[in-house]
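Contents: one structure, followed by commentary.
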Amino acid sequence: MNIKECMAVVTGGASGLGEASVRSLSALGARVAIFDIAVERGARLAAELGPNCIFAPADVTSDEASRAAMEKIVAAFGTINVAINCAGVADPGKVLSKKGPMSLAFFNRVIQINLVGTLNIIRLAVEQMVKNTPNGEGEKGVIINTASVAAFDGQIGQAAYSASKAGVAGMTLPIARECADYGIRVMTIAPGLFDTPMMAGLPENVRVQLAQSAPFPKRLGRPAEYAALVHHIIENPMLNGECIRLDGAVRMTAR
């Protein structure tokens, strides 16, 4: 799919990996919609990037709010043919801590945002994409989700986060198989240790230790590197039904 012909929705698009994707796609000529609950940041970024970028406040866990945002974007762009799911939380929590057992409310919140929120946007995007006119490859749309290396080697305290991201990775192939009949590709990226707002809250010495744990390169990933893979996935029609680790060969330790 040609980036310049794309009408893309990016959840969590006001910061981190989502913002990098928004900036990259916009610079490459795509029309981009930012879905986020951070209204001020989202509106400011859309204003900065100009008329081909718009903001729609959207809570990905809400059917009503997500439908309203999708309707706003379709009204503005006429359609969408790319959806990138970056909205998520990485809240840590042990199954049993000094405060007692993990609350089900905590676990459910992480699952709702990271896993259910991703599926919510997928289903609404597919509903729109099936109406598109296929390109020369017979393609109508591309969906890119965000998992994490924690889906495969999660650490102590990441039970909820790892479960949510493993769910995103696990549903990639069955959804891709279903959507193949519609001419829609579905891919997932599993980032390693990236320099995002989630990581910014850690002490500097911890950030340095984490960066050094990667075999190569020995640094935190740059959001622009995530966006570069998004770009390639959109333009390479053979990429479908797969979860790609983007992690510098890091394998997380237990702690």
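The values are calculated or read from the model by the stated rules, or taken from the named source; none is laboratory data. None of these values were measured; they are calculated from a predicted model. In this analysis, Cβ positions are derived from the backbone assuming ideal geometry, glycine residues included, and neighbour counts consider all displayed protein chains.
Any idea which of (1) modelled with pLDDT under 95; (2) surrounded by fewer than 16 Cβ atoms within 10 Å (Cβ to Cβ) is the one residue 199 doesn't satisfy?
(2)
Taking residue 138 and the conditions (1) within 25 Å of residue 191 (Cβ to Cβ); (2) touching a Gly at 6+ places or on another chain (Cβ under 7 Å); (3) small (Gly, Ala, Ser), which numbered condition does it fall short on, given that it satisfies the others?
(1)
Restricting to the stretch 12-62, name every residue that is over 24 Å from residue 200 (Cα atoms) and out of contact with any helix residue (DSSP H, G or I) (no Cβ under 7 Å at 6 or more places or on another chain).
Answer for the stretch 12-62, where residues must be over 24 Å from residue 200 (Cα atoms) and out of contact with any helix residue (DSSP H, G or I) (no Cβ under 7 Å at 6 or more places or on another chain): 27, 47, 50, 51, 62.
Within the stretch 142-154, identify whether any single residue is surrounded by fewer than 18 Cβ atoms within 10 Å (Cβ to Cβ), in contact (Cβ under 8 Å) with a residue 60 or more places away in the chain, over 22 Å from residue 20 (Cβ atoms) and touching a helix residue (DSSP H, G or I) at 6+ places or on another chain (Cβ under 8 Å), and answer yes or no.
Checking the stretch 142-154: at least one residue is surrounded by fewer than 18 Cβ atoms within 10 Å (Cβ to Cβ), in contact (Cβ under 8 Å) with a residue 60 or more places away in the chain, over 22 Å from residue 20 (Cβ atoms) and touching a helix residue (DSSP H, G or I) at 6+ places or on another chain (Cβ under 8 Å).
Could you run through the stretch 160-210 and say how many residues are part of a loop (DSSP other than H, G, I, E, B) and under 18 Å from the mean Cα position of the chain (by Cα)?
Residues in the stretch 160-210 being part of a loop (DSSP other than H, G, I, E, B) and under 18 Å from the mean Cα position of the chain (by Cα): 4 in total.
I'd like the full set of residues that are touching a Leu at 6+ places or on another chain (Cβ under 9 Å) and free of Cβ contacts under 8 Å to residues at least 24 places away in the same chain, limited to the stretch 194-218.
Once the filter is applied, which keeps residues that are touching a Leu at 6+ places or on another chain (Cβ under 9 Å) and free of Cβ contacts under 8 Å to residues at least 24 places away in the same chain, the stretch 194-218 yields 199, 202, 207, 210, 211.
Go through (1) hydrophobic (A, V, I, L, M, F, W, C); (2) within 26 Å of residue 187 (Cα to Cα); (3) surrounded by fewer than 13 Cβ atoms within 10 Å (Cβ to Cβ) and name the single condition residue 96 misses.
Just one mismatch for residue 96, condition (2).
If you check 132, 145, 108, which single one turns out to be over 14 Å from the mean Cα position of the chain (by Cα), of a type outside the set (Asp, Glu), at pLDDT 95 or above and not in a helix (DSSP H, G or I)?
Exactly one of 132, 145, 108 is over 14 Å from the mean Cα position of the chain (by Cα), of a type outside the set (Asp, Glu), at pLDDT 95 or above and not in a helix (DSSP H, G or I), namely 132.
Mind listing just one residue for me: the one in the stretch 57-81 that is buried (at least 23 other Cβ atoms within 10 Å of the Cβ) and more than 15 Å from residue 128 (Cα to Cα) and, of those, farthest from the chain's Cα centre (by Cα)?
Among residues in the stretch 57-81 that are buried (at least 23 other Cβ atoms within 10 Å of the Cβ) and more than 15 Å from residue 128 (Cα to Cα), the one farthest from the chain's Cα centre (by Cα) is 58.
Out of everything in the stretch 8-29 that is hydrophobic (A, V, I, L, M, F, W, C) and surrounded by fewer than 23 Cβ atoms within 10 Å (Cβ to Cβ), what residue ends up being nearest to residue 51 (Cα to Cα)?
27
Counting just the residues of the stretch 206-255 that are closer than 27 Å to residue 140 by Cβ and among the β-branched types (Val, Ile, Thr), which one comes out surrounded by the most Cβ atoms within 10 Å (Cβ to Cβ)?
Across the stretch 206-255, the extreme among qualifying residues is 230.
Within the stretch 120-128, can one find any residue that is more than 17 Å from the chain's Cα centre (by Cα), modelled with pLDDT of 95 or more, assigned to a helix (DSSP H, G or I) and under 22 Å from residue 9 (Cα atoms)?
Within the stretch 120-128, one or more residues are more than 17 Å from the chain's Cα centre (by Cα), modelled with pLDDT of 95 or more, assigned to a helix (DSSP H, G or I) and under 22 Å from residue 9 (Cα atoms).
Would you check if there is a residue in the stretch 97-113 being of a type in the set (Ser, Thr, Tyr) and within 30 Å of residue 238 (Cβ to Cβ)?
no
Taking the criterion of being β-branched (Val, Ile, Thr), touching a residue at least 40 places away in the same chain (Cβ under 8 Å) and surrounded by 23 or more Cβ atoms within 10 Å (Cβ to Cβ), would at least one residue in the stretch 31-39 satisfy it?
No, because not a single residue in the stretch 31-39 is β-branched (Val, Ile, Thr), touching a residue at least 40 places away in the same chain (Cβ under 8 Å) and surrounded by 23 or more Cβ atoms within 10 Å (Cβ to Cβ).
Can you tell which of 65, 90, 83 is closer than 25 Å to residue 7 by Cβ and touching a residue at least 60 places away in the same chain (Cβ under 8 Å)?
Going through 65, 90, 83 in turn, just one is closer than 25 Å to residue 7 by Cβ and touching a residue at least 60 places away in the same chain (Cβ under 8 Å): 83.
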